[in-house]
Amino acid sequence: MKRIKIGILMGGPSSEHEVSLNSGESVFIALDRKKFIPTRLIISKDWKLTADDRELKFPAGLKRYDVIFIALHGVFGEDGVVQTILDSLDIPYTGSGAVASWLGMDKWFSAELFKKAGISVPKSYLIRSRTDLPGIRLPFVLKPRRGGSSVGVEIVKARKEIKRKSRQAFKHENELIGQEYVKGKEFTCGIVERNGRPRVLPVVEIRPKKNYEFFDYEAKYITGASEEIVPAPVSKRLTQEIQTAALRAHRAIGCSSYSRSDFIVRNGTPYILEINTLPGLTENSLIPKSSRAGGIPFPELLETIVASAFYDFRKKSTTSR
C-alpha cells in the first residue's frame with residue numbers, strides 16, 4: 001500500500017507559536033510510519049516556510065504533499081486563513097473548513113450561534129475601546145474577541161482593576177468581550193468524526209491547582225499545573241448534557257473532523273465558554289487524553305483525523321461540481 005505524504009504545518013505568527021510546535025511534534029512522532037511519510041513544515045514568525053531545514057516557497061510548496069495536517073493554533077491557523085489558502089490550492093487538510101474555523105475563532109459570533117442552538121452562554125458584551133466598558137456586574141471576565149489558549153484573558157474582581165486589566169487585554173486585540181463570570185466547575189468535551197459521523201468523547205473535568213484562578217495558558221500547558229480527570233466524576237445526566245452541548249456546538253458552526261468545547265457548570269447547567277476547532281495535540285492536551293479514555297489510542301486518533309481530511313475533501317469536490 002502506498003504511504004501517504006503528510007505535511008505537518010506548525011509554528012506560525014500567533015502568540016501560540018510554541019504550543020503549535022509542540023502539537024506538531026507530537027503528531028510527527030505518533031504517526032504510523034507504515035502508513036504515512038510525515039514531514040515537519042514550520043512557519044516562522046516572519047513567515048518563512050521550512051521543511052526539514054529546507055526553505056519552501058509558501059504556499060506553493062505545500063502542493064508536494066498528499067494532505068496537510070494543520071497543527072497551527074490561533075491567528076492564521078485557526079481563523080480560516082490557512083484553510084482558505086489550502087482550498088484555493090485544492091489540497092486536503094485536517095480540521096474544519098474556512099467558515100467554521102472563522103466562526104469558532106470569533107467568540108462573539110459563535111456565542112450567538114450557540115444560543116440559537118439551545119446552549120447556555122454567559123451574558124456577554126462587545127467592547128471596542130476602554131471607554132466602551134459596560135457596567136457589568138462584578139466580577140466579570142475580559143477576553144479577546146478572537147484568540148485561543150486563554151491568552152489575554154483577565155478576571156476583573158474590583159472596579160479599581162478595570163483600567164489596568166482592560167489595558168492588558170487590549171494589548172492582544174482591539175476588540176474584547178466582557179462576559180459574566182460564571183463560578184463553577186470546568187469541563188471540556190471533544191468530538192471526533194469518522195466518515196462524517198461525529199463521535200462524542202468522554203467528558204473531562206479540569207481542576208486547576210490552587211495558584212491558578214482558572215484554566216489559563218500556564219494551567220493548560222505546564223505539566224502538573226492542573227488535574228484533568230477523565231471520565232469526569234459526575235452524574236450520567238450531567239455527562240449527557242455536556243456531551244449534547246458539545247455536539248450541538250460542533251454542528252452549530254459547521255465543524256468537521258474534530259473539535260473540543262469548554263464549559264463551566266453552575267447549579268447543574270453547562271455554560272459554554274468557547275469551541276476549539278484545532279484543539280491542542282501535545283502530550284498534556286485534552287483531546288488525546290479523552291480519546292484514550294474512550295478507547296482510541298493517539299495514533300488511531302491521528303489516523304481518523306487524516307481520514308476525515310480526505311472524506312471532507314471528496315465531499316467538497318463532489319458538491320462543487
Mind listing whichever residues of segment 103-159 are surrounded by 17 or more Cβ atoms within 10 Å (Cβ to Cβ), among the polar types (S, T, N, Q) and modelled with pLDDT under 75? SER149, SER150
One residue is enough: does segment 22-38 have a residue meeting the conditions part of a strand (DSSP E or B), in contact with a strand residue (DSSP E or B) (Cβ under 6 Å, 6 or more places away or on another chain) and surrounded by fewer than 18 Cβ atoms within 10 Å (Cβ to Cβ)? yes
ARG137 fails exactly one of the following numbered conditions: (1) assigned to a loop (DSSP other than H, G, I, E, B); (2) without any contact (Cβ under 8 Å) to a residue 12 or more places away in the chain. What is the number of that condition? (2)
What number of residues within segment 75-102 satisfy the criterion of being surrounded by 20 or more Cβ atoms within 10 Å (Cβ to Cβ) and among the hydroxyl-bearing types (Ser, Thr, Tyr)? 4
Sort out which residues of segment 43-94 are within 23 Å of ASN195 (Cα to Cα), touching a strand residue (DSSP E or B) at 6+ places or on another chain (Cβ under 7 Å) and of a type in the set (Asp, Glu), and write them in order of number. ASP66
Condition (residue is in contact (Cβ under 8 Å) with a residue 60 or more places away in the chain, of a type in the set (Lys, Arg) and over 19 Å from ARG146 (Cα atoms)) applied to segment 62-69: is it met by at least one residue? no
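Yes/no per residue for (1) modelled with pLDDT of 95 or more; (2) within 30 Å of VAL306 (Cα to Cα); (3) among the acidic types (Asp, Glu):
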| site | (1), (2), (3) |
| --- | --- |
| LYS163 | no, no, no |
| ARG167 | no, no, no |
| ARG207 | no, no, no |
| ALA219 | no, yes, no |
| GLU227 | no, yes, yes |
| PRO233 | yes, no, no |
| ARG237 | yes, no, no |
| ASP262 | yes, yes, yes |
| ARG266 | yes, no, no |
Looking at segment 291-321, which of the residues that are closer than 29 Å to THR239 by Cα and of a type in the set (S, T, N, Q) is surrounded by the fewest Cβ atoms within 10 Å (Cβ to Cβ)? THR304
Kindly indicate whether any position in segment 280-300 is under 24 Å from LYS107 (Cα atoms), of a type in the set (A, V, I, L, M) and in a helix (DSSP H, G or I). yes
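The values are calculated or read from the model by the stated rules, or taken from the named source; none is laboratory data. Fair warning: this is a prediction, and the values are worked out from it, not measured in the lab. Glycine also receives a Cβ, built like all others from the backbone with ideal geometry; neighbour counts cover every protein chain displayed.
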